[in-house]
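The values are calculated or read from the model by the stated rules, or taken from the named source; none is laboratory data. Predicted model only: the values in this text are computed from it and were never measured. FYI the Cβ positions are ideal-geometry reconstructions off the backbone, even for glycines, and counts take in every protein chain you see. SASA here: full protein model, heavy atoms, side chains in, ligands and nucleic acids out. Shrake-Rupley method; radii C 1.70, N 1.55, O 1.52, S 1.80 Å.
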Amino acid sequence: MAINWLSRLAARGPAAVFPALGMRGEEAFYRLALDPRIKLVDSPRHASLLLVAGGVPPEMQESLRRIHDQLPAPFATLWYQSEPLLELQQADVARVDSLEALPDALVDAHRKTLCGELGASPRLLTDEPPNPWKGLGDDGHGGEGMMGGVPYGRPMAMPPTDDMRDGLALDILTFRLGPFFPLWPAGLEAEVTLQGDIVQQFAVQSPPFPRPLAPAFFEVRERDVPIARLELERARYHLRALYHALHLAGLEDLALDALRLAEGCESAKISALEKRFEALMGRLRRRGFFALHLPERGVLDEEQAETLGGFAARATGIAQDTRLDDEAYRRLDFSVITQQEGDTRARWRQRLAEIAQSLRLAELAQKDNVVTANREAVETPRGAWGDKLPGDTSALLKDLLPGLEWGEALATVASLDLTAVSQWPDEAQEQEGEAA
């Protein structure tokens, strides 16, 4: 009776959802992050619902099974614009294809699961160690000597060696993260070697999923587009990235404010957006976002910065921006903003400065309905769009992250834009634009 009462009480709270984002699942993520009835969690152990959003490639389905089986019972799985795993296709699968219907579906599944009205998702993996280990090794514990090995599939620390940073002899631990690790881009999977909390090696196993751009950045290559629309989409792109950095820093209230500001770029008055952004900047300074949460590490050299292009290059002092080649932008008194340090902190100062600049340009352009004048000079949020935007650049992490503390490494990843650009615009935004 007590358990039933507690379950019903829990069912009245926010739905704890672990989002396993596949290809093109990020629009659902941002919609749910702003819904007070939904609580997105960073660990499947803390969730009552698993949301698989967007398609999952076949090679990542085994990782999805492991995520699925980590949720504590009872739990349910919902599939948003995604094909269920083969083992579940014969079951009563909860599938949602409408973004508008998704929040209500999650809330309803959360309530029904905890109240026993909905059958819980079955376990998919056998209850046995994923690696043979019993009886192996000198002492029968699965390792080499007194340590090492992977008993129960969990890697054990290896013998100490000198630390690459300060010479301390600490244990070495190698493990894999991704492709559904919520604190870095969806699809990114890496094998990480830590010594203490220092990254020794970072080997990318699979790159992040390609990320779509707003339809405006596709249209501008074929016809003149209002500059106000382009710049608001640019600001929105960077504000969404800021949400992830603030979430990583544990500044949840500021993260949600940044995301609300991003979604407000579609409908709010530009002058109101500028005031809200100025207020957000003030709060970031007072809460120590720059001084406490952004390390002066993760410095890009000139070659790496040029490979990434865009704001990352400008944060290294490279004054490149194709908007300079558009006469319409020059009439708005556009100039290139740069930083010099090229580190994690400089990249965020650059992004935030460019958000403020985009809002100012949007307001000026809207007054006189200024449209683009050069279809060849397109500066996307990722950089110049010539014949080809930069593709996946996650390989640079192998050189950039070793020597950083783990927290510094995560902050560095969050400060970069490592995803390839999808060849198609974002469908959700495109459909909303057609409806308008």
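Taken over the stretch 338-387, the criterion of being closer than 18 Å to L213 by Cα, assigned to a loop (DSSP other than H, G, I, E, B) and open to solvent by 40 Å² or more (accessible area, probe 1.4 Å) is satisfied by R375, E376, D387.
Assessment of the stretch 28-44 against the conditions (acidic (D, E), at pLDDT 95 or above, open to solvent by 20 Å² or more (accessible area, probe 1.4 Å) and touching a helix residue (DSSP H, G or I) at 6+ places or on another chain (Cβ under 7 Å)) yields at least one matching residue. Restricting the stretch 67-92 to residues that are surrounded by 15 or more Cβ atoms within 10 Å (Cβ to Cβ) and of a type in the set (A, V, I, L, M), which is farthest from the chain's Cα centre (by Cα)? Out of the qualifying residues, it is L88.
The set of residues in the stretch 86-113 that are aliphatic (A, V, I, L, M) and either at pLDDT 85 or above or farther than 19 Å from F18 by Cα (or both) comprises L86, A91, A94, V96, L99, A101, L102, A105, L106, V107, A109. The residue that is nearest to V371 (Cα to Cα), counting only those in the stretch 317-328 that are assigned to a helix (DSSP H, G or I) and open to solvent by less than 20 Å² (accessible area, probe 1.4 Å), is A328. Criterion applied to E278, E306, E266 was being closer than 18 Å to L232 by Cβ and assigned to a helix (DSSP H, G or I), and the one residue passing it is E278. For the stretch 45-60, the set of residues classified as crowded, with 22+ Cβ neighbours inside 10 Å and more than 17 Å from E189 (Cβ to Cβ) consists of A47, S48, L49, L50, L51, A53, listed by residue number. Annotation: A313 fulfils all but one of (1) over 17 Å from the mean Cα position of the chain (by Cα); (2) part of a helix (DSSP H, G or I); (3) more than 23 Å from R382 (Cβ to Cβ); the unmet one is (3). Residues in the stretch 329-337: is at least one closer than 20 Å to L418 by Cβ, surrounded by 24 or more Cβ atoms within 10 Å (Cβ to Cβ) and either at pLDDT below 95 or not acidic (D, E) (or both)? Looking through the stretch 329-337, none of the residues is closer than 20 Å to L418 by Cβ, surrounded by 24 or more Cβ atoms within 10 Å (Cβ to Cβ) and either at pLDDT below 95 or not acidic (D, E) (or both).
Just one of the numbered conditions (1) open to solvent by less than 60 Å² (accessible area, probe 1.4 Å); (2) within 24 Å of P210 (Cα to Cα) is not true of D97: (1). Applying the set (1) open to solvent by less than 10 Å² (accessible area, probe 1.4 Å); (2) within 16 Å of the chain's Cα centre (by Cα) to L64 leaves exactly one unmet item: (2).
To keep it simple, each residue is scored yes or no on (1) modelled with pLDDT under 95; (2) part of a loop (DSSP other than H, G, I, E, B).
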residue: P160; (1), (2): yes, no
residue: D166; (1), (2): yes, yes
residue: F175; (1), (2): yes, no
residue: P179; (1), (2): no, yes
residue: W184; (1), (2): yes, yes
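Looking at the stretch 216-245, which of its residues are open to solvent by less than 10 Å² (accessible area, probe 1.4 Å) and in a loop (DSSP other than H, G, I, E, B)? Hits for the stretch 216-245 are V220, V225. Kindly check whether there is at least one residue in the stretch 322-334 that is closer than 21 Å to L284 by Cβ, touching a residue at least 24 places away in the same chain (Cβ under 8 Å) and of a type in the set (S, T, N, Q). For the stretch 322-334, residues closer than 21 Å to L284 by Cβ, touching a residue at least 24 places away in the same chain (Cβ under 8 Å) and of a type in the set (S, T, N, Q): absent.
Applying the condition of being touching a Ser or Thr at 6+ places or on another chain (Cβ under 8 Å) and more than 19 Å from A409 (Cα to Cα) to the stretch 276-311 and asking which residue is least open to solvent (accessible area, probe 1.4 Å) yields G310. Which ones in the stretch 246-263 are assigned to a helix (DSSP H, G or I) and open to solvent by 10 Å² or more (accessible area, probe 1.4 Å)? Selection gives H247, L248, E252, D253, L256, D257, R260, E263.
Close Cβ contacts (under 6 Å, 6 or more residues apart or on different chains) running from residues in the stretch 218-229 that are within 14 Å of D326 (Cα to Cα) and touching a residue at least 12 places away in the same chain (Cβ under 8 Å) to residues that are open to solvent by 90 Å² or more (accessible area, probe 1.4 Å) and part of a loop (DSSP other than H, G, I, E, B) comprise R221/R375.
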